[in-house]
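The values are calculated or read from the model by the stated rules, or taken from the named source; none is laboratory data. Worth saying up front: this structure is predicted, and the values here are computed from it rather than measured. Reconstructed Cβ throughout: ideal geometry from the backbone, glycine too, with neighbour counts over all protein chains shown.
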């Protein structure tokens with residue numbers, strides 16, 4: 001049996017400073033920006049630019065995001081603020097969007113928690129309530145390109161693996177973590193529960209009993 005590979009020929013369009021294919025959604029490139037610290041070309045009225053820049057940079061650092069993702073967050077946050085979205089919600093939405101389009105697995109609760117820390121707060125919200133917040137923002141800005149879909153089980157799996165990686169490697173070694181990663185991907189295909197639960201079960205099913213309690217605590 002032969003395999004047919006379909007390759008998108010790409011129909012690029014500019015979305016918030018990024019060149020995106022309107023057919024497959026792939027980010028093809030980026031518009032030039034002076035720096036992630038430069039706000040000279042933007043006008044956000046009376047908004048405290050330095051405070052917003054500092055918050056985004058600290059958040060990106062805590063989430064271990066690459067510079068190109070940080071630039072995306074900067075651009076989208078500015079656009080959302082111009083549309084009347086509060087600074088905190090704008091940064092949260094922009095960070096979630098950046099992680100999705102750049103394929104960086106981060107949980108909504110993880111993003112929100114780090115955002116709260118960067119602003120000196122400790123409020124906690126569930127994944128469900130955070131997704132509802134994102135939906136309200138999407139409706140308010142009325143933008144098809146900035147809509148955020150619910151994460152599937154593959155996304156949750158990668159996000160959970162990212163959360164436990166340092167702990168697993170510290171307790172064992174990198175080879176054992178890769179073993180967990182490989183087996184959990186295989187186990188995920190057999191999971192029938194909701195995406196988040198399926199991803200957790202897939203990881204726990206191939207984690208040693210000695211480490212399970214610690215992993216459960218991290219993924220709780």
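Here are some notes:
- Within the set 155, 160, the sole residue that is free of Cβ contacts under 8 Å to residues at least 60 places away in the same chain and touching a helix residue (DSSP H, G or I) at 6+ places or on another chain (Cβ under 7 Å) turns out to be 160.
- Residue 126 vs. criteria over 28 Å from residue 78 (Cα atoms), touching a helix residue (DSSP H, G or I) at 6+ places or on another chain (Cβ under 9 Å) and surrounded by fewer than 13 Cβ atoms within 10 Å (Cβ to Cβ): no
- Look at (1) more than 18 Å from the chain's Cα centre (by Cα); (2) in contact (Cβ under 8 Å) with a residue 60 or more places away in the chain; (3) more than 18 Å from residue 55 (Cα to Cα) and you find that residue 102 fails only one, number (1).
- Filtered by the rule that a residue be in contact with a strand residue (DSSP E or B) (Cβ under 8 Å, 6 or more places away or on another chain) and surrounded by fewer than 16 Cβ atoms within 10 Å (Cβ to Cβ), the range 98-122 gives a lone residue, 102.
- All of 141, 168 fail the test of being surrounded by 15 or more Cβ atoms within 10 Å (Cβ to Cβ) and modelled with pLDDT under 90, apart from 141.
- Scan the range 53-99 for residues that are assigned to a helix (DSSP H, G or I), over 13 Å from the mean Cα position of the chain (by Cα) and closer than 18 Å to residue 132 by Cα and the total you get is 5.
- Being touching a helix residue (DSSP H, G or I) at 6+ places or on another chain (Cβ under 9 Å), over 29 Å from residue 164 (Cβ atoms), at pLDDT 85 or above and not in a helix (DSSP H, G or I) is a property that does not hold for residue 45.
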